[in-house]
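Here the structure is laid out as structure tokens; the discussion comes afterwards.
The values are calculated or read from the model by the stated rules, or taken from the named source; none is laboratory data. The structure displayed is predicted, hence computed values, not measured ones. Reconstructed Cβ throughout: ideal geometry from the backbone, glycine too, with neighbour counts over all protein chains shown.
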Ligand code: NAD
């Protein structure tokens, strides 16, 4: 069997849903490949005077519903296939939450942790120069993704405005608050996922206090989610980051874990220095270290992957004890794993719905950038809740009507909305 890639994994779900929808001849092809793939090498001068080139991509999947929208990641593994898959997921996601955007993604194949801040800034500016003709508030609006942040968005906005001699705060989102950002953007992904989980728990008349949660990844998405869950009374039994994790059946305090992570760089920092742990203290607190693989299979009710893609696979899906999986990460579950989870009665709230709070508040930021308004945190929160719960309800309804998993239902809702726009444009 050929090995799967992020894009073939996207296509597996896509084709399943397209077959189910039984679309008329020809329209399937519109979803098979992105509308545009822009790629180029970008070259910067390193601090030592040498020059270095990096592969860079901007993949624009579909803009039937509005300007292309999607983050830019700086990562050594960001290749064309991965960026294509992420762009496709963005197109589905913006349609699922029904905001007037299409889907895109960008990437630079670089490990920014090996560069100085000045070198990262040169890459950011060079990226905008390279793809300038394809970007703009009405064309394609990037945002942060893995290893990019508000500071990098500020450099990109500045570069774009200098090149085009315009004032264009809406050309990019995820900017610093004092430079055209929106209140609530930093917490939006977790907040959206939390609203969905809470709605589901309420409907099922479950008690948060009795629900054990395991969270993989303790960055922007994971750490904020942990805080919201803790405040709402859920029992967080396991958390992890790239260095490993900790587990306690009695529950962990994410606020304390966050403080130690800030100080030591790891969620295990309260108990361990590197691989050396204070076993006596751990026994006293009934805490043990846990690997990232073991975390996925631990005794919990709700599993939240919030780090990497491709972590729930054919190999471990059958061992997952959680009854609910909320995908804050993009692409954490393979199609084969999806089938196993479905057979085992595990409900998966898919990435294109669960983590769509981020792009929703990006849309709010874009709107504020265009109108010059500054919304309060309460307004952002209230509007996010409405958008994300409307999307959740549409997906739930579709799943019930079409007898689909939530992932298939989300794809179905997204594809139908994209097709409506394409039909109105006369593309089909
Ligand atoms: P981040 O860089 O802030 O955090 C990533 C976390 O994952 C860190 O705690 C890191 O230590 C951990 N991690 C890295 N490698 C790991 C490994 N091998 N095992 C376990 N943990 C590991 O990133 P983020 O913004 O929180 O994004 C996390 C995921 O959520 C990504 O898949 C991203 O695409 C997705 N996402 C994020 C947003 C957003 O707004 N931040 C929006 C949509 C989707």
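If the Cβ limit is 7 Å and pairs must be 6+ apart or interchain, which residue in region 76-90 that is assigned to a loop (DSSP other than H, G, I, E, B) pairs with which residue that is crowded, with 23+ Cβ neighbours inside 10 Å?
76/110; 78/107; 78/108
Is it true that residue 360 is outside the structural domain of residue 223 (by TED's automatic domain parsing), farther than 17 Å from residue 89 by Cβ and touching a residue at least 12 places away in the same chain (Cβ under 8 Å)?
No.
Taking the condition of being in contact with a helix residue (DSSP H, G or I) (Cβ under 6 Å, 6 or more places away or on another chain), more than 21 Å from residue 214 (Cβ to Cβ) and in a helix (DSSP H, G or I), how many residues in region 324-358 meet it?
3
For region 42-56, indicate whether the set of residues that are under 22 Å from the mean Cα position of the chain (by Cα) and closer than 19 Å to residue 153 by Cβ is non-empty.
Within region 42-56, one or more residues are under 22 Å from the mean Cα position of the chain (by Cα) and closer than 19 Å to residue 153 by Cβ.
Whether any residue in region 31-40 is part of a helix (DSSP H, G or I) and crowded, with 24+ Cβ neighbours inside 10 Å is what I want to check.
Yes; the residues of region 31-40 include at least one that is part of a helix (DSSP H, G or I) and crowded, with 24+ Cβ neighbours inside 10 Å.
If we scan region 63-70, do we find a residue that is within 16 Å of residue 407 (Cβ to Cβ), crowded, with 24+ Cβ neighbours inside 10 Å and at pLDDT 95 or above?
no
Residues 417, 401, 386, 423: which one is in a helix (DSSP H, G or I), outside the structural domain of residue 161 (by TED's automatic domain parsing) and either in contact (Cβ under 8 Å) with a residue 12 or more places away in the chain or at positive phi (or both)?
417
Kindly list the number of the only condition in (1) modelled with pLDDT under 95; (2) surrounded by 15 or more Cβ atoms within 10 Å (Cβ to Cβ) that fails for residue 316.
Evaluating residue 316 over (1) modelled with pLDDT under 95; (2) surrounded by 15 or more Cβ atoms within 10 Å (Cβ to Cβ) leaves (1) as the failure.
Take residue 14 and decide whether it is in a loop (DSSP other than H, G, I, E, B) and either surrounded by 15 or more Cβ atoms within 10 Å (Cβ to Cβ) or modelled with pLDDT of 95 or more (or both).
no
Name the strands (runs of 3 or more DSSP E) wholly inside region 143-247 in which the number of residues that are within 10 Å of the ligand (Cβ to nearest atom) is 3 or more.
235-241
Please determine, by comparing only the residues of region 287-305 that are within 12 Å of the ligand (Cβ to nearest atom) and surrounded by 21 or more Cβ atoms within 10 Å (Cβ to Cβ), which one is nearest to the chain's Cα centre (by Cα).
Only one residue fits best here, namely 305.
May I ask you to verify whether residue 360 is within 16 Å of the ligand (Cβ to nearest atom) and crowded, with 16+ Cβ neighbours inside 10 Å?
yes
Which condition from (1) part of a helix (DSSP H, G or I); (2) more than 27 Å from residue 14 (Cβ to Cβ); (3) more than 16 Å from the ligand (Cβ to nearest atom) is the one that residue 365 breaks?
Among (1) part of a helix (DSSP H, G or I); (2) more than 27 Å from residue 14 (Cβ to Cβ); (3) more than 16 Å from the ligand (Cβ to nearest atom), residue 365 violates only (3).
For residue 147, state whether it is at pLDDT below 95, in contact with a helix residue (DSSP H, G or I) (Cβ under 7 Å, 6 or more places away or on another chain) and either surrounded by 20 or more Cβ atoms within 10 Å (Cβ to Cβ) or under 27 Å from residue 352 (Cα atoms) (or both).
In short, yes.
Tally the residues that are surrounded by 13 or more Cβ atoms within 10 Å (Cβ to Cβ) and in a helix (DSSP H, G or I), restricting the search to region 256-269.
Total satisfying the criteria: 6.
Which condition does residue 114 not pass, out of (1) touching a strand residue (DSSP E or B) at 6+ places or on another chain (Cβ under 9 Å); (2) farther than 15 Å from residue 70 by Cα, if it passes all the others?
Among (1) touching a strand residue (DSSP E or B) at 6+ places or on another chain (Cβ under 9 Å); (2) farther than 15 Å from residue 70 by Cα, residue 114 violates only (1).
Among the numbered criteria (1) more than 24 Å from residue 233 (Cα to Cα); (2) within 15 Å of the ligand (Cβ to nearest atom); (3) over 22 Å from the mean Cα position of the chain (by Cα), which one does residue 257 miss?
Evaluating residue 257 over (1) more than 24 Å from residue 233 (Cα to Cα); (2) within 15 Å of the ligand (Cβ to nearest atom); (3) over 22 Å from the mean Cα position of the chain (by Cα) leaves (1) as the failure.
Here are 284, 308: which of them is near the ligand (Cβ under 10 Å from one of its atoms) and not in a strand (DSSP E or B)?
Checking each option against the conditions leaves just 308.
Surrounded by 16 or more Cβ atoms within 10 Å (Cβ to Cβ) and under 13 Å from residue 238 (Cα atoms) - does that describe any residue in region 270-285?
Checked against the condition, which is being surrounded by 16 or more Cβ atoms within 10 Å (Cβ to Cβ) and under 13 Å from residue 238 (Cα atoms), region 270-285 yields no hits at all.
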